[in-house]
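Okay, structure first, notes after.
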Amino acid sequence: MEGHKQPFQQESESAVTMRLSEAEISSIVGAGGGKYVGVLLAIPQKMESVILYISPQTRTTLAITISRLTVEAVREQLAESNAAFTEASSK
């Protein structure tokens, strides 16, 4: 149709995942204080990729979506998880 513009489509999550190598993902997680475990790959139109990592302090497995993966987000999630385990173990 003339004059009809396609709506702007945000870059797909899988494109973000493809841009980050496993080494880069591991590096981000490590810089945030976690130990990288792996990636649960996206299911198109249902679920985005999920990064799995371990807290070195509590040895619990944590997960964060690829769209939220930043050094700061990993730090925050680790701090919250570690605090929850510390609080639970002191009861």
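The values are calculated or read from the model by the stated rules, or taken from the named source; none is laboratory data. Owing to the predicted nature of the structure, the values given are computational and were not obtained by experimental measurement. Positions of Cβ are generated from backbone atoms using ideal geometry, with glycine treated the same way; all protein chains shown enter the neighbour counts.
Residues in segment 41-56 that are exposed (fewer than 15 other Cβ atoms within 10 Å of the Cβ) and on the phi < 0 side of the Ramachandran plot: 41, 43, 44, 46, 47, 56.
Could you list, in sequence order, all residues of segment 63-75 that are more than 9 Å from the chain's Cα centre (by Cα) and hydrophobic (A, V, I, L, M, F, W, C)? Within segment 63-75, just 71 meets the criteria. Here segment 10-38 is the region considered, the condition is being within 14 Å of residue 68 (Cβ to Cβ) and at pLDDT 95 or above, and the residue that is surrounded by the most Cβ atoms within 10 Å (Cβ to Cβ) is 34. The conditions of being modelled with pLDDT of 95 or more and out of contact with any helix residue (DSSP H, G or I) (no Cβ under 7 Å at 6 or more places or on another chain) are not met by residue 43. The set of residues from segment 40-57 being within 17 Å of residue 30 (Cβ to Cβ) and not in a strand (DSSP E or B) comprises 55, 56, 57. Consider segment 51-91. How many of its residues are in contact with a Phe, Trp or Tyr (Cβ under 6 Å, 6 or more places away or on another chain) and basic (Lys, Arg)? Residues in segment 51-91 being in contact with a Phe, Trp or Tyr (Cβ under 6 Å, 6 or more places away or on another chain) and basic (Lys, Arg): 0 in total. Residue under question is residue 63, and the condition is that it be assigned to a strand (DSSP E or B), on the phi < 0 side of the Ramachandran plot and of a type outside the set (Val, Ile, Thr); does it hold? So residue 63 passes the test.
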